[in-house]
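The values are calculated or read from the model by the stated rules, or taken from the named source; none is laboratory data. Not measured: the values here are computed from a predicted model. Glycine also receives a Cβ, built like all others from the backbone with ideal geometry; neighbour counts cover every protein chain displayed. Accessible surface areas use protein heavy atoms only, side chains included; no ligands, DNA or RNA. Shrake-Rupley method; radii C 1.70, N 1.55, O 1.52, S 1.80 Å.
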Amino acid sequence: MTRPDISSSSSFEASEQALLLQRFFERSPHGLVVVDGDGRVLSTNEAAHTILGERTSPGESVLDSRWARRLKIAETLPRALAGERVPIESTCLEIETREHAERRVVAVRVTTVPLLDGRAVGLVIDDVSAERALRDEAEDRRLRLEAIVEQMPGGVVVAEVPSGQIVMGNAGVEEILGHPVLEVDAVEEYHRYGAEHPDGRPYAAEEHPLALAVAGERVEGMEVRYRRPDGELRILSTNAAPVVADDGRIVAAVSTFYDVTDRARIETSLQLVAEAGALLASSLDAEETVRNIVELAVPRLADVCVAYVARDGVVRQSHYAHAKPELAQEIEAVWDRRGGPLEDTHPAVTVVRTGQPLYMGDLHRLGMQSLLMVPLVGHSEIVGALGFVSTERGRTFDDLVQRTSEELGRRAGMALHNASLYQRAQRAITAREQVLSVVSHDLRNPLGVVGTIAAIMKKMVQQGGSDPRLESSARRLQNAAVHMSRLIDDLLDLSSIDAGRLSVSLEPVRAVSLLDALSDAQGERAREMRRTLEVAAAPELSSRLLLCDAERMLQVLGNLVDNALRHGPVGSTVRVRATGGEGECAVFVVSDEGPGISPDDHARMFERHWQKERHGGRAGLGLSIARGIVEAHGGRMWVESTPGTGARFSFTVPFAPPDAAT
């Protein structure tokens, strides 16, 4: 901007120019004092008197005034006389105004300006009290903010917007991260913090919670993994948000984070134990049990996990798992010792022998940091050991890891013990089935002979008209042979049901066909026992087919009818009904008029060999076999009865698909 040269203007005479400058000097809001080279006042204005609180008359030495001494004018005056413009930073002065006899503190800033080629100096004096007050207030707010941030729990980091430069951080940052706040000037440098996602992927600079806050986003409870300089991995719960002014502008961004490593580790430990319980309960195979437990432990508990099994006094390595597939060959060279028995000095042998955990640290010469070995405890015996290996710096086996490992050892030991019991039971069942098969085969031949002879004797007696007692004996002998043959069939069926190998051949069947076959098979026996057998199918079943094994289903109905005939009184009626009552299943109901069953006994009705007043004959296997056959078809069986009202045995049979062949 060009300064106007009023001295050359024809509008102003010299006297007017002088008057104009004089008025400007007197009325300036700035305090103005002109002194000569000795510091004597040449001229001063009213603003200077007001600001400084005292009057300095022309001819007086300004150097003798209190404010000049305070501002060290004597030191700056020679420099100003030499032609240097010297600003004096603002200083607080306590002054007393004589007119009002009051004392006040003002902040004064003085600028010395050389005049007349160094023969005089102008002092420009400003009252910067308001400016100083605002600055002091801002500084006070900053100090209070720093104090608040410093006292806040966890780590706090504040960044400028939009650059992302980090301008503030508290002591919690160093306490948590293991180093002071990094000097970061832009968001692009946030990768220097080396944060990781929960799955181990590094955060890109723009993904950091603070970077998101700089961009105007809010972050709550973001889990961040951070590896400290000492190698220890910490889990942080992080929040971040933009700081928004009253006018809506984002003026800063702040991020707070808390070390939740201990909480996260406890949660991980509980989750691991829960998963182990479910996983171990899912199998009764010993090999699968061991493999599941070592794979579950890596990498959450250890970098390498090795299982050892003790059997017949010998400890052998069973399975192992490791966290680094790329190092598989190196790890296998160290840890793959499957095969022969371990030597007595091996840590696993020691743990099996003592039943106590074993910890070994500082094992760098063996390619690992530390080793934790815990026993596999199955009831009262040690069935093996689990070895947990740390190969990475920063992974430690503290009390929490040891307690978790011991709990896994107990659960795995129980699972191995149960698997061993199950395998022994399976071997016993297999042996029983083999014996039963052989005995059944050996019994059928003589029973066949006995049955044939009994039938011949009965026929000869009927044709010859001989002694009725001989005919009665032949009939009882034949019935006994039939009963024994049925008993053998029942035992074989029960064995197949127990082993889950009951054979059923599913095909579309009409319900009325089953009831007709049942009536043909059981009608004569009902008449001999002086009972009535009634069978009926609901009309809606005429258009639906059942999906079942017809022979097996007749066996179920026969067992239930046989049971009803034996427990109903003479002259009573046994009723068999089939309805389309349960969605995709038909319902068969066999009811009798017998003495009924106590509700307390309903749950035990289908147990094998269970007998009470209602039961007798055929070793109590009929109902158990009937239920096993129904369940093999995907159905269910139940009983409804109270004493004195008879009994109703019901079961379901699935319908065949609508397009099944008739």
Taking 35 Å as R0, compute the FRET efficiency from the Cβ-Cβ separation of Arg300 and His179 and round it to 0.05. 0.85
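Starting from the Cα-Cα distance between Thr91 and Asp362, subtract it from 0.36 nm times their residue separation and give me the gain in nm to one decimal.
Numbers: separation 271, 0.36 × 271 = 97.56 nm, distance 6.39 nm.
Extra length from Thr91 to Asp362 when fully extended: 91.2 nm.
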P(r) weight above 19 Å for the stretch 226-334, C-alpha pairs, percent: 66
How high is the FRET efficiency from Ser283 to Arg228, r the C-beta distance, R0 51 Å, rounded to 0.05? 0.80
Going 7 Å from the Cα of Glu131 along its beta-carbon direction, which residues of the stretch 60-92 have the amide nitrogen within less than 16 Å of the resulting point? 86-92
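In the neighborhood of Ala204, defined by Cβ-to-Cβ distances under 13 Å, what is the net charge if each Lys or Arg adds +1 and each Asp or Glu adds -1?
Net charge around Ala204: -3.
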Let me check I've understood the local charge: for Phe257, count other residues with C-beta under 13 angstrom from its C-beta, Lys and Arg +1, Asp and Glu -1. What total comes out? -3
Leu376 long-range amide H proximity, modeled H, under 5 Å: Val383, Gly384, Ala385, Leu386
Could you tell me, in Å, what Rg and Dmax come out for the Cα atoms of the stretch 202-241? 11.1, 34
Please work out how much accessible surface Arg265 shows to a 1.4 Å probe, ignoring ligands, DNA and RNA, in Å² rounded to 10. 70
Label Arg604 and Leu42 with points 7 Å out from Cα along Cα→Cβ: what is the distance between them in nm? 12.7
How much space per residue, in cubic angstrom, does the convex hull of the C-alpha atoms of the stretch 179-289 take up? 142
How much length is gained if the chain between Glu217 and Ser420 is pulled fully straight, taking 0.36 nm per residue apart and subtracting their Cα-Cα distance, in nm to one decimal? 67.3 nm
Could you work out how far apart the two model spin labels at Asp312 and Ala536 are, taking each label as a point 7 Å from the Cα in the direction of the beta carbon, and quote it in nm? 6.7
Measure of exposure for Leu42: accessible area at 1.4 Å probe, Å² rounded to 10, is 90
Which percent of the Cα-Cα distances in the stretch 541-580 go past 13 Å? 63
Rounded to the nearest 10 Å², the accessible area of Trp638 using a 1.4 Å probe with every protein chain kept is 60
Using 7 Å Cα-to-Cβ label points, what is the Arg55/Ser519 separation (nm, one decimal)? 14.1
The answer for the net charge of residues other than Trp638 whose Cβ lies under 11 angstrom from its Cβ, with Lys and Arg +1 and Asp and Glu -1, is +2
Express the carbon and sulfur contribution to the solvent-accessible surface of the stretch 169-262 as a percent, rounded to the nearest whole number, probe 1.4 angstrom. 48
Calculate, in nm to one decimal, what Leu20 and Thr350 gain on full extension: separation in residues at 0.36 nm each, minus their alpha carbon distance. 108.0 nm
For the stretch 122-182, give the magnitude of the charge dipole about the Cα centre (Cβ charges: +1 Lys/Arg, -1 Asp/Glu; no others), in debye to the nearest 20. 160
